[in-house]
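Student: One structure, as structure tokens, below. Some questions next.
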Amino acid sequence: MNKNLLILPTINEEKNVKLLLKQILKTKIQLDILVIDDGSSDNTLSVINNFKKKNRKSKIFVKSRKKRLGIGKAHKDGLLYAYRKKYNYAITMDSDLAHHPKYIFNLLSHNKKNDLVLGSRYLKKNSAINYNFLRTFLSNSAFLMTRLLFNHNFDSTNSFRCYNLRTIKKDFIIFCKTDHYDFFFTSLAYLNKKKYSIFQFPMKIYSRNYGNTKMTLPLALRSVKMILVVFFKILLLKN
Ligand SMILES: Nc1nc2c(ncn2[C@@H]2O[C@H](COP(=O)(O)OP(=O)(O)OP(=O)(O)O)[C@@H](O)[C@H]2O)c(=O)[nH]1
Ligand SMILES: [Mg+2]
């Protein structure tokens, strides 16, 4: 067993996942992979299973759920699995090629001295590639809001992260009641408040070329509401 588990949440990402798995293998980084799929109706699962057959040396596990349980739930379940199986580090990323696997090297080069490492598109200019106006507006607003309310400058909606499971207590998963996109800023606000050491490095994030976004208007509105709810929860939380 490798000491690193890479968690990939998927819904209908057949084209992306095919390229992504190849890119990951090319890095030659030692990791096991856990795909958490929420009811893909395209060929995502068969692409992954074919890839597994052709690359028997790499350990790829698949958890397939019948319907969409939420991206936050996928991350939480993946993290709990990693704790249970005693991995030292859990790496999380999107499966739509938004995060290039070359950046896993950056995560791993800072993960010994920090509890959480994450990539940020806000440390260097022009780091969000091919984002349209709406996407830029949503990400920038989330960044601004979390900066103001939680008093940190982390890229709080970025899922590209490495959790040090030996130093982070799994309580944070229980604190994050949320199952959707708000998981990302909630977990970060909690870990920051609990004084875990968080390190971020600059990275580029690419807009998707294949497939449709899984972000819907109700989910975006839910995040707006949850920022305020989490603000009060964090305020009441003891250090
Ligand atoms: N398992 C699971 N995966 C999800 C869910 N929602 C989104 N994903 C996956 O999580 C990743 C991020 O979702 P995206 O749709 O790319 O969300 P986004 O990055 O905010 O939006 P765009 O990149 O602009 O489309 C992708 O790999 C999705 O397939 C979910 O409810 N369950
Ligand atoms: Mg995306």
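Student: Using 20 Å as the cut-off for backbone N distance, which residues of the stretch 3-18 belong to the label zone defined by a point 7 Å from the Cα of residue 220 along Cα→Cβ?
Tutor: From the stretch 3-18, the list is 11.
Student: Same structure, new question: Once each part is reduced to its C-alpha centroid, what is the distance from the stretch 187-239 to the stretch 96-128 in angstrom?
Tutor: Cα centroid to Cα centroid, the span is 16 Å.
Student: When the Cα centres of the stretch 147-170 and the stretch 2-60 are compared, how far apart do they sit, in Å?
Tutor: 24
Student: Quick one: which of 172-181, 194-203, 92-101 comes out on top by average Cβ neighbours within 10 Å, and what's the full order, highest first?
Tutor: Per-residue mean Cβ counts within 10 Å order the peptides as 92-101, 172-181, 194-203.
Student: What residue among 147, 56, 121 has the largest mean-square fluctuation in a Gaussian network model of the chain, using Cα springs under 10 Å?
Tutor: 56
Student: Given springs between every Cα pair under 10 Å in a Gaussian network model of the chain, which of 28, 193, 204 has the largest fluctuation?
Tutor: Judging by the Gaussian network model, the answer is 28.
Student: Let me ask you something else. Taking the Cα centre of the stretch 147-239 as the origin and placing charges on Cβ (Lys, Arg +1; Asp, Glu -1), which of 200, 219, 173 is farthest toward the positive end of the dipole?
Tutor: 173
Student: Continuing with this model, one more query. Roll a 1.4 angstrom probe over the protein heavy atoms and tell me the percent of accessible area of the stretch 173-232 that is carbon or sulfur.
Tutor: Carbon-and-sulfur percentage of accessible area, whole number: 65.
Student: In addition: Just the accessible area per residue of the stretch 4-236, please: how many Å² with a 1.4 Å probe?
Tutor: 51
Student: Just list whichever of 18/66; 3/113; 66/214; 73/193 have alpha carbons separated by over 18 Å in the model shown.
Tutor: From the list (18/66; 3/113; 66/214; 73/193), the Cα-Cα distance tops 18 Å for 18/66; 73/193.
Student: Which of the lysines could a cross-linker bridge to residue 22, judged by Cα under 16 Å and excluding same-chain residues fewer than eight apart?
Tutor: 52, 53, 54, 57, 59, 102
Student: How large is the dipole of the chain about the Cα centre if only Lys and Arg carry +1 and Asp and Glu carry -1, each at its Cβ, rounded to the nearest 20 debye?
Tutor: Here the chain has a charge dipole of around 740 debye.
Student: If packing is taken as the average number of other Cβ atoms within 10 Å across a peptide's residues, how do 76-86, 29-39, 156-166, 205-215 rank, most packed first?
Tutor: Output ranking for 76-86, 29-39, 156-166, 205-215: 156-166, 29-39, 76-86, 205-215.
Student: To continue, here is another question. So, in nm, how far is label residue 239 from label residue 112 when the simple model puts each one 7 Å beyond its Cα toward the Cβ?
Tutor: Between residue 239 and residue 112, the label points sit 2.9 nm apart.
Student: If I model a spin label at residue 136 and residue 170 as a point 7 Å from the Cα along the Cα→Cβ vector, what separation in nanometres do I get?
Tutor: 4.3
Student: At 7 Å along Cα-to-Cβ for each site, give me the label-to-label distance between residue 177 and residue 124 in nm.
Tutor: In this crude spin-label approximation the distance works out to 4.1 nm.
Student: Still on this structure, please answer the following. HN-Hα J couplings of the stretch 99-105 from phi, Karplus 6.51/-1.76/1.60, θ = phi - 60°, integer Hz, Gly and Pro as x?
Tutor: Going residue by residue, I get 10, 6, x, 4, 6, 4, 4 Hz, with x marking Gly and Pro.
The values are calculated or read from the model by the stated rules, or taken from the named source; none is laboratory data. Remember, predicted model here, so these are calculated numbers, not experimental data. A quick note on method: Cβ atoms are made from the backbone with ideal geometry, for glycine too, and the neighbour counts reach across all protein chains shown. Only protein heavy atoms, including side chains, enter the accessible area calculation; ligands, DNA and RNA are left aside. Shrake-Rupley method; radii C 1.70, N 1.55, O 1.52, S 1.80 Å.
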